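Quick notes on the structure that follows.
The values are calculated or read from the model by the stated rules, or taken from the named source; none is laboratory data. All values reported here derive from a predicted model rather than from experimental measurement. Please note: Cβ atoms are built from the backbone with ideal geometry, for glycine as well, and neighbour counts cover all protein chains shown. Accessible surface is based on the protein model in full, side chains and every heavy atom, while ligands, DNA and RNA are left aside. Shrake-Rupley method; radii C 1.70, N 1.55, O 1.52, S 1.80 Å.
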Amino acid sequence: MSADCIFCKIVDRTIPSPLVYEDSEVVAFQDINPQAAHHLLIIPRQHFADVGEAAAAGEGALLGKILTVAAELAKARNLAATGYRLVCNTGKDGGQTVRHLHVHLLGGRPLGWPPG
Ligand code: 5GP
Ligand code: ZN
């Protein structure tokens with residue numbers, strides 16, 4: 001738990017946000033400002049500021065778990081056939097606005113590339 005972290009508050013239920021998935025390590029919920037018909041955030045319960053901090057802490061298995069959960073959620077939403085995108089914005093240039101590691105799952109429309 002990191003004080004003043006909005007995603008830690010979602011994990012500990014201080015901020016109510018319906019969870020679409022939860023287990024002992026990972027939770028997922030709808031993005032408050034969805035950018036596609038399907039826009040979920042998959043996050044670890046434990047606070048890491050970003051993917052680099054989790055990697056430096058030796059949390060490779062947890063990072064793999066987050067991607068596995070994302071793929072399972074995409075499949076459960078019938079996005080596997082049409083495709084989807086997983087995004088992990090990191091740091092200022094990466095456009096990260098919430099400093100709690102998260103992976104976006106975006107799907108339900110064709111997504112442009114390259115990113116802005
Ligand atoms: P980032 O820009 O850090 O990659 O993504 C942060 C995401 O968190 C944004 O897409 C934003 O809409 C979402 N977000 C920010 N605050 C909240 C919140 O309180 N609840 C939920 N469900 N999503 C949030
Ligand atoms: Zn946090």
Original post:
Using 7 Å Cα-to-Cβ label points, what is the ILE32/TRP113 separation (nm, one decimal)?
Top reply: 3.1 nm
**OP:** For region 1-90, run through the GluC sites (Glu not before Pro) and keep only the ones in DSSP coil with at most 15 other Cβ atoms within 10 Å of their Cβ.
**Re:** GLU25
Subject >> Heavy-atom accessible area order for LYS92, LYS9, largest first, 1.4 Å probe >> reply: LYS92, LYS9
**OP:** In nm, give the distance between the simple-model label positions of LYS75 and ALA55, each being 7 Å from the Cα along the Cα-to-Cβ direction.
**Re:** 2.6 nm
**OP:** Tabulate in residue order the Karplus-calculated ³J(HN,Hα) for region 57-65, using 6.51 cos²θ - 1.76 cosθ + 1.60 with θ = phi - 60°, rounded to whole Hz; enter x for Gly and Pro.
**Re:** 8, x, 9, x, 5, 5, 4, x, 4
Subject >> THR90/LEU19 FRET efficiency (R0 22 Å; Cβ-Cβ; nearest 0.05) >> reply: 0.40
Original post:
Shape of region 11-85 from its Cα gyration tensor (a ≥ b ≥ c, root eigenvalues): rounded if a/c is under 1.5, otherwise prolate when a/b > b/c, or oblate?
Top reply: oblate
Original post:
For VAL20, which sequence-distant residues (separation of 5 or more, or a different chain) have an amide H within less than 5 Å of its own amide H, given hydrogens modelled in the peptide plane?
Top reply: ALA28, PHE29, GLN30
